[in-house]
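The values are calculated or read from the model by the stated rules, or taken from the named source; none is laboratory data. Model, not experiment: these values are computed from the prediction. Methodologically, a virtual Cβ is constructed for each residue, glycine included, from the backbone with ideal geometry; neighbour enumeration extends over all protein chains shown.
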Amino acid sequence: MAQRNYKKEYTNYHGKPKQILNRAGRVKANRMVGRKGMDVHHKDGNPRNNSRSNLTLRSKVGNRSFKRNKNAGKL
């Protein structure tokens, strides 16, 4: 099995301005709601929308179990 090249991943994806803003939005949501061992769920799937009505706490299993394809909506 090939090893992951984390430096290349950051350069090609995680270091892009859009992804940096998305990550900052998720961090802000976690600080607003307070984790308590749970994940913050964005109801509309947009990590930059941190209005209180869009955020809920969910278990880690429940928040990370949706399919990751172009047809997978979180609602």
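A Cβ distance below 8 Å, combined with a sequence gap of six or more or placement on separate chains, defines the contacts here; from segment 1-13, residues that are without any contact (Cβ under 8 Å) to a residue 24 or more places away in the chain reach no residue that is among the β-branched types (Val, Ile, Thr) and part of a helix (DSSP H, G or I).
Conditions (1) within 15 Å of the chain's Cα centre (by Cα); (2) surrounded by 11 or more Cβ atoms within 10 Å (Cβ to Cβ), marked per residue:
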| site | (1), (2) |
| --- | --- |
| Arg4 | no, no |
| Lys16 | no, yes |
| Ile20 | yes, yes |
| Asn30 | yes, yes |
| His41 | yes, yes |
| Asn46 | yes, yes |
| Asn49 | yes, yes |
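Helices (runs of 4 or more DSSP H) wholly in the chain with at least 1 residues that are modelled with pLDDT of 90 or more - which ones? The qualifying helices (runs of 4 or more DSSP H) are 6-9, 17-33.
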